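Beneath this line is the structure, given in structure tokens, with notes to follow.
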Amino acid sequence: MLGASPRREARIRAAHSGNVGWSGDPAQNHGRGFQEAGAHGERSPCVSSRPDPPPGVVVVGEQSAGKSSLLENISGIQFPRAQNTCTRMPCVLTMLTDPTVNESFALVSMDSSFTDAKRCAVADVEGQIKELTDQHTTGAAFISTEALYIRVVRRDGLQLSLIDLPGVTHNAEKMSNIHEVTVSLVKEYIEPEEMVILCVIPAMSDFGNAEVVKLAREYDPEGIRTLGVVTKCDDAANAEASDIVEKVTMSRDSDVRLAFGFHCVVNRSQKNIDEGMSREDLWQKEEKTFTASDRKLPANNWGTLRLMEKVAKIQEARVDECLPKIKESVRQRTIQLREELRSLPAQAEAEGDQFKLFNSTVRLIKDDLQRRIRAEFMSSDESDSALTIAPQVAKRIQQFRRDLAQRNPEWLGPDMIEEVKYTVALLGTAGAKLKEEEPQLTPEFVDLVKQAQEEPEKLAVLELCASLHVYTGFLIEGFVEHAAKLLKFNMVEHLGETLEDTWREELGGSALHELFPKDEGIARQREALMACMRTLQDFKEQLSTLKVAAPVPTHVPAKRKTMSDSLQDREKARKEELAARTFVWNFAAALEGKEAKKGTRLDSPKFTKMMVPDMYLSFYPYGDDKSADGKSALFLHSPAGWTLSYRLRAGGVEVMVEGWKFDATEAGYGGRIFPAVKAFSTQEVSVELLKAVPP
């Protein structure tokens with residue numbers, strides 16, 4: 001898709017509910033989810049998750065070109081008419097069929113979801129359009145960029161959707177920047193490559209200077225989605241010097257060229273409406289207009305019903321080309337929405353959900369505690385340093401050991417020696433001789449022992465102090481080790497269970513709702529995302545069954561037809577359409593008197609088909625110099641620059657040529673596999689044009 005402004009993204013993708021000839025209305029549901037997603041005034045999570053718009057048809061033209069009248073002619077719905085600009089805001093018209101509906105009805109709204117719309121009779125649509133237009137195009141905003149939506153549901157009939165835009169105009173009487181606004185609207189609506197463009201041009205205007213044609217070429221330079229619709233052809237028919245036939249058939253070098261060409265229609269005038277002219281009467285008038293003149297247009301270039309068929313065919317091509325991309329876009333958006341949903345914090349409103357979330361949270365905390373206790377938790381975050389349980393426990397045990405060592409008496413110091421001596425004297429205790437090499441004794445204490453070798457009582461006191469010094473050291477180490485084991489087993493190992501019991505007692509009852517309060521902002525985000533998911537799912541399901549409806553009949557309904565009549569009419573219309581694309585040449589006269597040898601060449605008269613001028617056939621009845629024996633050759637010649645797809649037929653053999661671009665060498669292109677001319681049942685060759693792309 002071409003680059004687009006945010007304003008167009010926000011409006012066009014919701015507004016394009018068009019699907020001419022489709023058997024469904026996916027875009028209306030599509031737009032609804034996005035409306036709901038942004039309903040709370042917050043940044044909608046779905047704004048970046050919209051799929052590409054489904055293919056639709058945009059009707060553009062200059063002021064009073066007859067766009068609204070064309071919509072009336074096609075749909076049978078009366079639109080407001082005015083002296084100057086009658087369409088003052090984009091109008092999205094969707095027509096659906098429902099076999100369960102007994103009486104047709106309509107919905108008119110400024111909301112693509114139609115949530116605020118009430119059913120009304122089809123005859124009341126005009127009044128509702130006027131009312132909403134007056135409400136939203138006031139003051140300086142004579143032209144509004146906000147779209148108006150119309151949905152008409154009937155029991156049967158054509159299913160289509162068209163977008164009517166305000167006409168491009170320079171009349172600044174009502175609005176100083178009206179030209180800039182109307183041109184901007186046209187650009188924004190025709191820019192998406194999914195959209196088909198109908199350029200509405202009055203018959204008596206200069207096609208070459210039509211601004212809407214120039215705008216269409218800007219966004220559709222190859223013309224693969226643009227069709228010119230010529231209105232007010234009854235005026236041109238009455239003009240003395242009208243060149244409407246030349247302009248529509250593009251037969252002159254100076255004529256404006258569109259790949260799909262131009263199609264003429266006759267719409268109802270205000271006088272016709274006042275006189276109560278029906279659509280059927282109008283179509284009969286249209287037929288008389290185009291068949292009464294001596295300078296007749298080709299049948300394929302006029303008529304409202306044929307226009308519907310053309311639009312449906314162009315639309316079918318757009319569907320075939322754009323639908324895979326739209327489906328992939330839907331798939332990608334769905335994945336994004338799922339990721340956004342998973343990233344939102346859990347919300348528990350029901351008591352059961354809160355209890356489930358509480359249990360889940362407790363399990364996560366206990367698992368985290370166990371990893372910290374087993375020294376399996378690693379973090380560079382300073383805030384986590386106090387929660388590294390294993391190192392903290394080891395640090396506290398070492399501190400406990402140091403505290404106990406500091407509290408242990410200095411058994412080898414003078415004060416404790418005197419204390420022991422006093423105690424020994426009271427108890428009458430004598431000790432054995434102390435070895436000089438007793439470990440963990442200070443040098444001072446060893447000197448005292450040496451000096452007391454001749455004093456047994458004093459030596460016994462010193463020996464006892466040394467024993468107490470060593471014993472208390474062992475005692476402290478054993479106590480610390482035992483205390484560490486008790487701490488790890490009774491406190492640390494059961495910390496999770498202890499905390500869980502406390503939490504369940506204090507929070508697991510009626511206080512759960514306080515622990516998990518509802519976050520309204522997250523709830524709105526979740527609901528918006530879920531709405532988008534539902535919308536995308538519905539859209540995806542409709543895309544999977546999307547198909548183009550059958551072309552409408554090309555006959556003017558005058559009476560009720562039987563099935564046999566309808567089939568005959570359709571076959572007749574098919575043959576007429578085929579004849580309009582096929583050139584048949586009887587070469588009998590040209591062959592007479594020619595020598596029967598290779599290289600004999602016959603050239604047909606020049607002809608024009610599908611707006612390609614000055615084409616002709618070259619036929620070698622006995623083959624050219626490159627042909628095999630017993631074979632003839634047939635080639636098509638076209639002006640340089642045209643890219644054509646066509647079928648060549650001769651002697652019961654058919655050659656298909658696809659996308660051949662003709663150069664300036666005047667060489668033809670075809671085949672050399674046709675039978676010799678003597679094997680022909682009729683002396684005719686033909687070419688059927690399938691597609692023509694201009695230079």
message: Can you give me the C-alpha center-to-center distance between segment 242-262 and segment 571-616, rounded to a whole angstrom?
response: 23 Å
query: According to a simple spin-label model (label point 7 Å from Cα along Cα-to-Cβ), what is the distance in nm between residue 488 and residue 654?
result: 8.9 nm
Packing rank of 522-528, 655-661, 600-606, where each peptide gets the mean count of other beta carbons within 10 Å, highest leading: 522-528, 600-606, 655-661
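If R₀ is 51 angstrom, what is the calculated FRET efficiency for the pair residue 570 and residue 176, using the beta carbon separation as r and rounding to 0.05?
Details: r = 53 Å, r/R0 = 1.03.
For residue 570 and residue 176, the calculated efficiency is 0.45.
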Nitroxide proxy distance, nm - points 7 Å out along Cα→Cβ at residue 183 and residue 338: 4.7 nm
task: Please give the peptides 408-414, 269-275, 669-675, 58-64 ranked by average Cβ packing (other Cβ atoms within 10 Å per residue), highest first, as a rough proxy for protection.
output: 58-64, 669-675, 408-414, 269-275
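Just subtract the alpha-carbon distance of residue 474 and residue 317 from 0.36 nm times their residue separation and send over the number in nm, one decimal.
Numbers: separation 157, 0.36 × 157 = 56.52 nm, distance 9.45 nm.
Roughly 47.1 nm would be gained on extension.
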Estimated distance in nm for a label pair at residue 597 and residue 251, the labels positioned 7 Å out from Cα along Cα-to-Cβ: 4.1 nm
query: What does segment 574-693 give for Rg and for Dmax, in Å, if only its C-alpha atoms count?
result: 13.7, 40
- prompt: Under a 5 Å amide H to amide H cut-off, with H placed in plane at 1.01 Å, what residues pair with residue 201 once short-range neighbours are removed?
  reply: 229, 230, 231
- prompt: Using r as the Cβ-Cβ distance of residue 512 and residue 481, and R0 as 35 Å, what FRET efficiency do you calculate, to the nearest 0.05?
  reply: 0.20
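I'd like the FRET efficiency for residue 608 and residue 120, computed as 1/(1 + (r/R0)^6) with the beta carbon distance as r and R0 of 56 Å, rounded to 0.05. Spell out each step's value before the answer.
Values: r = 49 Å, r/R0 = 0.87.
Rounded to the nearest 0.05, the efficiency is 0.70.
Stokes-Einstein diffusion coefficient for segment 636-685 at 4 °C in a medium of 1.567 mPa s, Rh from the Kirkwood formula over Cα pairs: what value in µm²/s? Don't skip to the answer; put the middle values down first.
Details: Rh = 11.9 Å.
For these conditions, the coefficient is 108 µm²/s.
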task: Read phi for every residue in segment 330-344 and hand back ³J(HN,Hα) as whole Hz from Karplus 6.51 cos²θ - 1.76 cosθ + 1.60, θ = phi - 60°, with x for Gly and Pro.
output: 4, 4, 5, 5, 5, 4, 5, 5, 4, 5, 5, 4, 5, 7, 6
query: Once fully extended, how much extra length lies between residue 534 and residue 404, figured as 0.36 nm per residue of separation less the alpha-carbon to alpha-carbon distance?
result: 39.9 nm
statement: Taking 0.36 nm per residue of separation between residue 676 and residue 134 and subtracting their Cα-Cα distance, the length gained on full extension comes to 187.8 nm
message: Taking the alpha-carbon distance from residue 313 and a cut-off under 20 Å, which lysines remain once sequence neighbours fewer than 8 residues away in the same chain are dropped?
response: 325, 547, 572, 575, 609, 691
Neighbour-count order for 631, 118, 285, fewest beta carbons within 10 angstrom listed first: 118, 285, 631
Zone residues, segment 656-687, relative to residue 640, backbone N less than 15 Å from point 7 Å out along Cα-to-Cβ: 661-668
- line: In vacuo Debye sum over C-alpha of segment 159-210, base-10 log of normalised intensity I(q)/I(0) at q = 0.13, 0.15, 0.22, 0.28 Å⁻¹, listed in q order, is -0.41, -0.54, -0.99, -1.17
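FYI, it's all coordinate maths here, none of it is from the lab. Remember, it's a predicted structure, so these values are computed and weren't measured experimentally. FYI the Cβ positions are ideal-geometry reconstructions off the backbone, even for glycines, and counts take in every protein chain you see.
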